[in-house]
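A short worksheet on the structure shown next.
Please treat every number below as a calculation from the coordinates, not as lab data. The structure displayed is predicted, hence computed values, not measured ones. Here Cβ is always computed from backbone atoms with ideal geometry, including for glycine, and neighbour counts include all displayed protein chains.
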Amino acid sequence: MSEPVLELRGIVREYRSGPNVLKVLEGADLVLNKGELVGLVGPSGSGKSTLLHTAGLLERAEGGEVLLDGESVLKLPDGVRTRLRREKLGFVYQFHHLLPEFNARDNVAMPLMVNGVKRRIARQKADVLLAEMGLESRADHQPGQLSGGEQQRVAIARALVNDPKLVIADEPTGNLDPTTTDRVFASLIRIARSEGAAVLVATHNMALTRHMDRVLTLQDGKLTTFTG
Ligand SMILES: Nc1ncnc2c1ncn2[C@@H]1O[C@H](COP(=O)(O)OP(=O)(O)OP(=O)(O)O)[C@@H](O)[C@H]1O
């Protein structure tokens, strides 16, 4: 039976600058179920990042409803949304935002430590995830000592360390070579298939869409099925 993790209902997003209003989302609807890997494609500027930021509780919609695990979250106070984000969500970006002064292990362990998990336990879990990414020999290296692809795999491990129910990936393979792209994408597939997370991926890489359960695009501010 399908179990919704994320529901977007009639999402409205607009940006104002002076008298001008740019309407980006005008009634976007989405139901993302446990274990589903869903792609979001479309031209630059169509609103993919805006949708991901709204779904990821990083920004608030001006209208509509956002449900996470069945709970209405759009109007919750900032502090509660931040806590939900830390506990239930994992983010992967094109540019990984690793902390340069910490090694790979501590970068991965950080979200757990922020959630109050003891350093020793958090580091153990980080080591398991780094090993899954084929990076066990790099755990003591700082980001500056790693290749771009290795850094991105560290960022994926960090996004997964708190067993997120929802993973949001914005162009996660944008600056990677084909082999690393496959590796990074394989880990997103595994999170959905083995861990049961719902995964939402915005990408310009159409080759990746063949691995997805569904592919959506934004048209006139609404989400529709992408038909190629
Ligand atoms: N903070 C902002 N203030 C004003 N306009 C914005 C802001 N953020 C985005 N926009 C505008 O909203 C539209 C949608 O932007 P968004 O970044 O969501 O598109 P996108 O589909 O993710 O693009 P890309 O594929 O290039 O990343 C664009 O026209 C953009 O210029």
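Rounded to the nearest 10 degrees, the inclination of helix 148-160 to the longest alpha-carbon principal axis of the chain is 70 degrees. I'd like the distance separating the alpha-carbon centroids of the range 162-204 and the range 78-108, in whole Å. Cα centroid of the range 162-204 versus Cα centroid of the range 78-108: 15 Å apart.
Which value, in debye to the nearest 20, describes the size of the charge dipole of the chain about its Cα centre when Lys and Arg Cβ atoms bear +1, Asp and Glu Cβ atoms bear -1, and nothing else is charged?
My answer is approximately 420 debye.
Across the range 131-222, Cα pairs under 8 Å and at least six residues apart give a relative contact order of 28 percent.
Among D213, D170, D69, which one shows the highest mean-square fluctuation when the chain is modelled as a Gaussian network with alpha-carbon springs under 10 Å? Greatest mean-square fluctuation among the candidates belongs to D213. P(r) for the chain, from all Cα pairs and a bin width of 5 Å, is 1, 7, 15, 18, 19, 16, 12, 7, 3, 1, 0, 0 %, short bins first. For the chain, the relative contact order is 29 percent, taking Cα pairs closer than 8 Å that sit 6 or more residues apart in sequence and dividing their mean separation by the residue count.
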